[in-house]
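Enquirer: Dropping the structure in here first, questions after.
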Amino acid sequence: MKKVLALLMVAGMFSLVACGPSEEEKAAAEAEAQKIADDLMKGLEEAVEEEPTAEVEEAPADSTEAPAEEATETPAEESAE
């Protein structure tokens, strides 16, 4: 009898889980996600408005300098005769 009750309990739990969230729970979750997205976008817009030239000022002054290591290959055409 214990096995039958255990099987019924497991089947009952699976049936409850299979129902999924209600329409109200789905709408609440979607509204919460939209609120979070709006807050993040507002914070991003404020950050962009506050310091739009922060990256430009951090550029190195000697950026016109040529690369330190240029490709200079010497031909190895020496033969050992």
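Enquirer: Which of the helices (runs of 4 or more DSSP H) found entirely inside the chain contain at least 2 residues meeting this: modelled with pLDDT of 80 or more?
Expert: 2-19, 23-50
Enquirer: Which of (1) of a type outside the set (Gly, Ala, Ser); (2) within 35 Å of the chain's Cα centre (by Cα); (3) surrounded by 10 or more Cβ atoms within 10 Å (Cβ to Cβ) does LEU7 not meet, given it meets every other one?
Expert: Looking at each condition in turn, LEU7 falls short on (2).
The values are calculated or read from the model by the stated rules, or taken from the named source; none is laboratory data. The shown structure was predicted, so the numbers you read here are calculated from the model rather than taken from an experiment. Quick reminder, even Gly has a Cβ in these numbers, built from the backbone with ideal geometry, and neighbours come from all protein chains shown.
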